[in-house]
Amino acid sequence: MERKELARRAVEALKAEYPEAECSLDYRDPLQLLISTRLAAQCTDARVNMVTPALFARFPTLEAFCQGTEEEIGELIRSCGFYKIKSRDILACCRMLRDEFGGVVPDTVEELIRLPGVGRKTANLIVGDIFGKPAVVTDTHAIRLSGRIGLTDSSVPVKVEDDLRAVLPPEESNNFCHRLVLHGRAVCTARKAYCDQCCLKDFCQKNGVGAHGEKLEKAPKN
């Protein structure tokens, strides 16, 4: 089975299993999603959602953040972990948005990754969820599940991103990645893949069985 066909089946199965594909971070505007995603590094989305209401109440605008200090931001985000580094990045990011981008969150990956603390994963999330452009968010779930399904041979985020872009319909790519997160939390977990409960089991190459019981060979690159 070629990877494009494997991707098509995975898109259809996950769409049926998780019809509502959306980011689990709470936000009201592009800046809040940008900051929340930075906080989510090495931290759960649930914890971030517990922290951000007080953070955004204290700093409701870009200018408010720019006038803040690393120490004050750090105290509000302490429970997210690595708070000193994250507070430094958040403040520097906001000031760069003000000084170099006219106070507007940019809409391309290339511009977003210039911001302090913003990598391709965050940039793709912003581009996809805020601006509705095709995006591939290669978080830990996307990397793990893409490898298990047979859509990539790599565990390097940028290579996984390239592999998924090559086989996913552009209009499906962003939601597909959200659904991988949902599936990775519920069924195909890091500790164990519950293949008997999996909506992908008929063709997933970790399971090794095709839709008609045939033995699957490794998907060729295309």
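If you take all other residues with their beta carbon under 9 Å from the beta carbon of R38, and give Lys and Arg +1 and Asp and Glu -1, the sum is 0. Couplings for the range 148-163, taken from phi via the Karplus curve 6.51 cos²θ - 1.76 cosθ + 1.60 with θ = phi - 60°, read 5, 5, x, 8, 8, 9, 10, 10, 7, x, 5, 6, 4, 4, 4, 5 Hz in order; Gly and Pro are left as x.
Net length available on complete extension from E75 to D162 is 27.5 nm, with 0.36 nm assigned per residue and the Cα-Cα distance removed. Viscosity 1.567 mPa s, temperature 4 °C: what is the translational diffusion coefficient of the range 72-165 from Stokes-Einstein with a Kirkwood Rh over Cα pairs, rounded to a whole number of µm²/s? Rounded, D is 88 µm²/s. Distances between every pair of Cα atoms in the range 1-59, grouped in 5 Å steps from 0 to the bin holding the largest one, split as 4, 16, 21, 14, 10, 13, 11, 7, 3, 1, 0 percent. Length gained on full extension, T140 to K206: 22.0 nm, using 0.36 nm per residue less the C-alpha separation. Here is the P(r) of the range 30-129: all C-alpha pair distances, binned every 10 Å from 0, give 17, 54, 29, 1 in whole percents. Projecting the Cα positions of F203, L6, C93 onto the charge dipole of the chain (unit charges on Cβ atoms of Lys, Arg, Asp and Glu, taken about the Cα centre) puts F203 furthest along the positive direction.
Computed per residue of the chain from DSSP H runs no shorter than four, each worth -39500 (n - 2.57), the mean residue ellipticity at 222 nm is -16500 deg cm²/dmol. In a simple Cβ point-charge model (Lys, Arg +1; Asp, Glu -1; nothing else charged), the chain has a dipole of about 740 debye relative to its Cα centre. For the range 80-95, 3J(HN,Hα) computed residue by residue from phi via the Karplus equation (6.51, -1.76, 1.60; θ = phi - 60°) reads 7, x, 6, 5, 5, 5, 5, 5, 4, 5, 4, 5, 5, 4, 4, 5 Hz, glycine and proline entered as x. Applying the Karplus relation 6.51 cos²θ - 1.76 cosθ + 1.60 with θ = phi - 60° to the range 70-79 yields 3J(HN,Hα) values of 4, 5, 5, 4, x, 5, 6, 10, 3, 6 Hz, where x marks Gly and Pro.
The residue among T37, M50, C23 whose Cα reaches farthest toward the positive pole of the charge dipole of the range 1-67, with charges on the beta-carbon of Lys, Arg, Asp and Glu, is T37. Working from label points 7 Å from Cα in the Cα-to-Cβ sense, the A46 to F131 distance is 3.3 nm.
Where a number appears in this text, it was derived from the coordinates with a stated rule and is not lab data. It should be emphasised that the depicted structure is a prediction, and the values quoted were computed from it without experimental measurement. In this analysis, Cβ positions are derived from the backbone assuming ideal geometry, glycine residues included, and neighbour counts consider all displayed protein chains.
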